[in-house]
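Novice: Before anything else, here's the structure in question.
The values are calculated or read from the model by the stated rules, or taken from the named source; none is laboratory data. Because the structure is predicted, anything quoted here is derived from the model rather than measured. No Cβ is skipped: glycine too gets one built from the backbone with ideal geometry, and neighbour counts run over all protein chains shown. Ligands, DNA and RNA are stripped out before the accessible areas are found, and what is left, the full protein with its side chains, is counted by its heavy atoms. Shrake-Rupley method; radii C 1.70, N 1.55, O 1.52, S 1.80 Å.
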Amino acid sequence: MSQDLVSFAIEQAQTKGSEYAEARYQKTFDLACLLRNGVPEPATMVDAEGIGVRIIFEGALAFGATNQLSRENISALIERLVSNAKGASRILKEKIHFSSEEAHVAKWSAEEQKKVEDVSLESMISLLKDIDSTLNGSIADVTFPNRMLVAGYEVDEKYYANTDGSKLESRVPRVYYQNILVAMYEGKPRTVSIPPGFATLGGSGGWEIIDNLNLPERIPRSAKQITTAVKATDKAPADESLDVILGPGVSALTSHESCGHPGEADRILGREGAQAGESFLKPEKLGMEIGSSEAMVSDDPTIPHSMGFYMYDDEGVKATKRRLITNGKFTEFLQNRATAEFFGIKSNGSSRTVQFDREPIIRMANTFIEPGDWSFEEMLREIRRGVYIRSFMEWNIDDKRLNQRYVGLEAFMIENGEVKNPVKDPVLEITTPKYWGSIDARAKDLEFVCATCGKGDPMQGAPVFTGGPHIRLRDVRVGSR
Amino acid sequence: MTLVSSKETGPAQLEGLAELALAEGKNLGCSDVSIIGEITNNSQVRFSNNTITLVNNVQEITLEVYLAKDKKRIVGATYNPSEEGVKKFVNNLLASCLSLPENEDYTPLPPGPFAYRGTGNFDTKVQDAEIVEFTGEAIDQALKAGANRVSGSLNTSSSELLIRTSAGAAGKDHVSMMLLNVRAFADDNASGHGLSCSSYVSDFTPGKAGYTAGEFAKKSLNPKLIDEGTYDVVFSPTVVANILPMADEASAFAIESGTSVLIDKLEERVGVQIFSLDSYGSYSHGLGGRVFDDEGNPTKDTAVIQNGTFRNMLHNCTTARKFGAQSTGNAGIIVPHPFTVVFEKGEISLDNMIRDTKQGVYVTNNWYTRYQNYRTGEYSTVPRDAAFKIEDGELKEPIAGFRISDSIPRQLSNIEFISTERNWIKWWEVETPTLAPAMMISDVRITRAVGS
């Protein structure tokens, strides 16, 4: 029935004179459970289902959605969109056009072994209790008196069609685990997460992803590592220029915040100006030098089992790997069909939406710093005095993506090529050109974590991977909180 | 031009679906069933570079369903408004619920019926508001004030809500909102921000918001960097609403989870004597709000911080039982939360506040507030749009490229002035409708990035 309604919506929009139309049936099912201090809270289930339609009519772009799935309601929705677009077109200063793209007919899905629908809440709670039991005690003299553990899955199913002839059917299950803990040492509380930085573990696929993470062993091991941060009392160097090694979790976030976001073409053209902000990049800045030759960043939606996995975007464009920064130069922006038309190129398939009632907008998928050929030990050996920021908690960046800050959680002094004492809350507050210009080495050890990227109005939290290896920055200022 | 929105979906359909879900839950043997039904009609105009980039209309019927059986609990939401879909959802919800262990915190829903305070902030005219024209007015005024580019979004929403519970609660609510978020640019490094947030068309002032944004943009041309250090900072209402989230901190869930700065502080002094903050269900002629909470209790007005002393947590029935208190009508089935936040006003005008600050900084907007430690409230946030140095009690040169790095407890103890003027705030960085004043907080730490 949903496919018929999607086709019906396209026909209706064409009949009414739309220059372009696309319709998307989307069903997003989410089931999650929360264990708090060892006690299960009520589980949550969200079943969102409906049809979103977007048209271009007289140069105006209109989006609308309904969850009343009948021909009558779809017809009424199209009437509204056409009428709204007509009204807007009267005062439109710039007509919207989409790039011409190849039509695709395909059925695709994320690879899945253990179907998520077969996983009961009972087994999720059981898993969380197993993990919780490893944290409910003292680990290296640190206790975790408050523990919030979450596990769950989402199934995102779509049928998409547009007036170009694309017909795409997809299914992407995603699984996830996250936690927030209060760590206590000598009466001093500190909120932490595993992974640090409020990141999530998981990916797209079946529950085997969670099984393979072996969380009841992994989480306490990570908790033990974090105890060094919880116990740290030595202040980080204050306003001193030195060398820094960033752990994979930190470098991963920098790729997202200070390369992926500023490279979104809709921001570059000002479309997100009042919300997510704009960019220090301008259309003519493609090719600009932003950093050293070691600055290498990509975004790839086609990575199997990644949180941001997809084969076709929500404008029907085939997904490809994007080389965002190559040898220190911006070489590609993230494009949708409207921005691609402006740039006179083809879209690179970056348009996504998280639910049927949201418009597709440009999103990152899995953004990462490409791995290099160094080992961590080789990087370390060449540092006389520095700081190793293995993980972080606090971070932010200005809305042009020029002025960023990462505050370390697990962090250590480096002296004469060796990791020394832990230091508390070192602050890396640095401009984007200085950051990318200071990288002189990338390790081989690329790691990914899951994150939710916020953008859009209304807000859309998109599932992504962020990735990176250990990287070394030369001669940067580190401060103290 | 009015954005066309469908009106054929009536309250009768919503009521029928809610009754159906309630009956299904009860027939399946649930001890507790709570249904909140909502019809929403949201329209939006998005604009950037002085032109409209999208017109948007989304109409939905949703049901939020809470079930408890044998002390097992689950909460869900369905967007399938067919009878068959609702029945199926309730059955699926219960099947999942029964695979959970018993919940030792189980507390029955409060016995009704309840008398609710009419309906909330609602204006029938909002649904038919001329939002394309309002958008044009905001853009024109921003340009007139000195901007050369204007971006933003104008959103209207009209909602009909109802509640039915197995404990006898039954009620209705209507809520409307008009939200304009406008950002004006005089050049790439000079921007200003304006908001107009209202439940009533008559209170909506898009031209004023646009003009404010444009004026700030013009005044922000050629901003300078500022030295790191501690400053007396005047924060606009928009910033205050974001950096002092004390009603959220007062949620019993946050306190029990150990993630609040207010843990173990009940009846203790947490801020200066001039600082008071309340949680309202529905503030008369205010913005948004609710007359009932998710458990069916009538929402209430609760003093959270009174003259600097932490007076009340925000509770649902479950947290209230655990803390030996009464529900404050702030359910969330899992997390009690405010529906409306009201900072009490101060005794000084914003102009006089700036005059009396003498040397300092004025911050009009911010974003990206993130915490290093929730428990201690250590955070940083990034000012955006217009900011100025204050010298000799006057706004002087525009500044940019800095960051506020501070902690909530320290700020609460260093509030020097609170303005008489208050604005309704709801936008990207402030989710709960909040009536906020400007504030001057002393000795705020300012940092900035290094590098060209």
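Novice: What are the ³J(HN,Hα) values, in whole Hz, obtained from phi via the Karplus relation 6.51 cos²θ - 1.76 cosθ + 1.60 with θ = phi - 60°, for each residue of the stretch B:199-205 in sequence order, with x given for Gly and Pro?
Specialist: The phi angles translate into 9, 10, 4, 5, 8, 7, 10 Hz.
Novice: If a paramagnetic tag sat 7 Å from the Cα of residue A:188 along the Cα-Cβ line, which residues of the stretch B:359-384 would have the backbone N under 20 Å from that point?
Specialist: From the stretch B:359-384, the list is B:371-380.
Novice: Counting other Cβ atoms within 10 Å, keep those with at most 16, restrict to DSSP loop, and tell me which GluC sites (Glu not before Pro) in the stretch A:127-175 are left. Before the final figure, lay out each step's value.
Specialist: On the way: sites: A:154, A:157, A:169; in loops: none.
When the GluC sites (Glu not before Pro) of the stretch A:127-175 are filtered for loop state and at most 16 Cβ neighbours within 10 Å, nothing remains.
Novice: What residues does the stretch B:434-452 have that are buried by at least 10 Å² of accessible area in the full protein assembly compared to the chain on its own, 1.4 angstrom probe?
Specialist: When all protein chains are present, B:445, B:447, B:448, B:449, B:450, B:451, B:452 each give up 10 Å² or more of accessible surface.
Novice: Another question about this same structure. How do A:272, A:94, A:72 rank by accessible surface area computed with a 1.4 Å probe, from largest to smallest? Mind showing how you got there, number by number?
Specialist: Values: A:272 0, A:94 115, A:72 140 Å².
My answer, sorted largest first, is A:72, A:94, A:272.
Novice: OK, next. Mind checking the dipole of chain B: about its Cα centre, +1 per Lys or Arg Cβ, -1 per Asp or Glu Cβ, Debye to the nearest 20?
Specialist: Taking the Cα centre of chain B as origin, the dipole is about 360 debye.
Novice: Rounded to the nearest 20 Debye, what is the dipole magnitude of chain A about its Cα centre when Lys and Arg each give +1 and Asp and Glu each give -1 at the C-beta?
Specialist: So the magnitude is around 740 debye.
Novice: Using a 7 Å offset from Cα along Cα-Cβ at residue B:119, what residues in the stretch B:157-173 end up with backbone N under 15 Å from the label point?
Specialist: Residues passing the 15 Å test: B:157-163, B:171-173.
Novice: From the backbone phi of the stretch A:110-117, what are the Karplus-calculated ³J(HN,Hα) couplings (6.51 cos²θ - 1.76 cosθ + 1.60, θ = phi - 60°) in whole Hz, Gly and Pro given as x?
Specialist: Each residue's phi maps through the Karplus curve to give 7, 5, 9, 9, 9, 4, 5, 5 Hz.
Novice: Roughly what % antiparallel, to the nearest 5, for the DSSP beta bridges in chain A?
Specialist: 90 percent
Novice: Might you work out the accessible area of residue B:150 for me, using a 1.4 Å probe with all protein chains in place, and round it to the nearest 10 Å²?
Specialist: So the heavy atoms of residue B:150 present about 0 Å² to solvent.
Novice: Counting pairs of alpha carbon atoms under 8 Å apart in space and at least six apart in sequence, what relative contact order in percent does chain B give?
Specialist: 15 percent
Novice: Moving on. Tell me the label-point distance for the pair residue A:103, residue A:420, using the 7 Å Cα-to-Cβ offset, in nm and rounded to one decimal.
Specialist: Between residue A:103 and residue A:420, the label points sit 6.8 nm apart.
Novice: I'd like the trypsin sites (Lys or Arg not before Pro) in the stretch B:332-441 restricted to DSSP loop residues with at most 16 other Cβ atoms within 10 Å, sorted by number.
Specialist: B:345, B:358
Novice: Here's something else I'd like to know. So if I place +1 on the C-beta of Lys and Arg and -1 on the C-beta of Asp and Glu, and nothing else carries charge, what would the dipole magnitude of the protein assembly as shown be about its Cα centre? I want it in debye, nearest 20.
Specialist: Charge dipole, the protein assembly as shown, about its Cα centre: 780 debye, nearest 20.
Novice: Sticking with this structure for a sec: Using a 1.4 angstrom probe on heavy atoms only, work out the carbon and sulfur share of the accessible area of the protein assembly as shown in %.
Specialist: That share works out to 47 percent.
Novice: Between B and A, buried accessible area summed over both sides at probe 1.4 Å, in Å² to the nearest 100? Each step should come with its number before you reach the end.
Specialist: On the way: alone 19280 and 19620 Å², together 31100 Å².
Interface area, both chains combined: 7800 Å², rounded to the nearest 100.
Novice: Keeping every protein chain in place, order A:156, B:248, A:141 by accessible area at 1.4 Å, biggest value first, i.e. largest first.
Specialist: Most to least solvent-accessible, the answer reads A:141, B:248, A:156.
Novice: According to a simple spin-label model (label point 7 Å from Cα along Cα-to-Cβ), what is the distance in nm between residue B:84 and residue B:273?
Specialist: Spacing of the two 7 Å Cα→Cβ label points: 6.9 nm.
Novice: Could you provide, to the nearest whole Å², the per residue accessible area of the stretch A:2-231 with probe 1.4 Å?
Specialist: About 36 Å² of surface per residue is accessible.
Novice: For the charge dipole of the stretch A:2-231, defined by +1 on Lys and Arg C-beta atoms and -1 on Asp and Glu C-beta atoms about the Cα centroid, which residue among A:176, A:148, A:159 has the Cα displaced farthest towards the positive pole?
Specialist: A:148
Novice: Once you sort the root eigenvalues of the Cα gyration tensor of chain A as a ≥ b ≥ c, which label holds: rounded (a/c under 1.5), prolate (a/b larger than b/c) or oblate (the other case)?
Specialist: It comes out oblate by the Cα gyration axes.
Novice: Go ahead and collect, in residue order, the members of the stretch A:149-183 whose backbone nitrogen is under 18 Å from a label point 7 Å along the Cα-Cβ direction of residue A:7.
Specialist: Flagged as within label range: A:158-170.
Novice: Calculate one ³J(HN,Hα) per residue across the stretch B:15-23 by plugging θ = phi - 60° into the Karplus curve 6.51 cos²θ - 1.76 cosθ + 1.60, and present them in order as whole Hz with x for glycine and proline.
Specialist: Per residue, the Karplus-derived 3J(HN,Hα) values read 4, x, 5, 5, 5, 4, 5, 4, 4 Hz.
Novice: Here's another thing I want to ask about it. Report the one residue of B:317, B:299, B:357 whose Cα lies farthest in the direction of the positive end of the charge dipole of the stretch B:285-396 (charges on C-beta: Lys and Arg +1, Asp and Glu -1; origin at the Cα centre).
Specialist: The listed residue farthest towards the positive side: B:317.
Novice: Among B:89, A:275, A:50, pick out the residue whose Cα is farthest towards the positive end of the charge dipole of the protein assembly as shown, where Lys and Arg carry +1 and Asp and Glu carry -1 on C-beta, about the Cα centre.
Specialist: A:275
Novice: Now, a different point. As a test question: what accessible area, to the nearest 10 Å², does residue A:402 have when a 1.4 Å probe is rolled over all protein chains in place?
Specialist: Surface open to solvent at residue A:402 totals about 50 Å².
Novice: Using a 1.4 angstrom probe on the protein heavy atoms only, line up A:239, A:313 by accessible area, largest first. Numbers along the way, then the final one.
Specialist: Details: A:239 105, A:313 5 Å².
Descending accessible area places them as A:239, A:313.
Novice: So which GluC sites (Glu not before Pro) in the stretch B:316-421 are both in a DSSP loop and have at most 13 other Cβ atoms within 10 Å of their Cβ? Intermediate results must be reported in sequence, preceding the final value.
Specialist: Details: sites: B:344, B:347, B:378, B:391, B:394, B:416, B:421; in loops: B:344, B:347.
Counting only loop positions with at most 13 other Cβ atoms within 10 Å, the GluC sites (Glu not before Pro) in the stretch B:316-421 are B:347.
Novice: Which of the pairs B:26/B:71; A:167/B:87; A:329/B:389; A:95/A:346 have their Cα atoms more than 25 Å apart in this structure?
Specialist: Listed pairs above 25 Å: A:167/B:87; A:329/B:389.
Novice: For residue A:295, what residues show an amide H to amide H distance below 5 Å, using hydrogens built from the backbone and excluding near sequence neighbours?
Specialist: Those lying under 5 Å, H to H, from residue A:295 are A:328.
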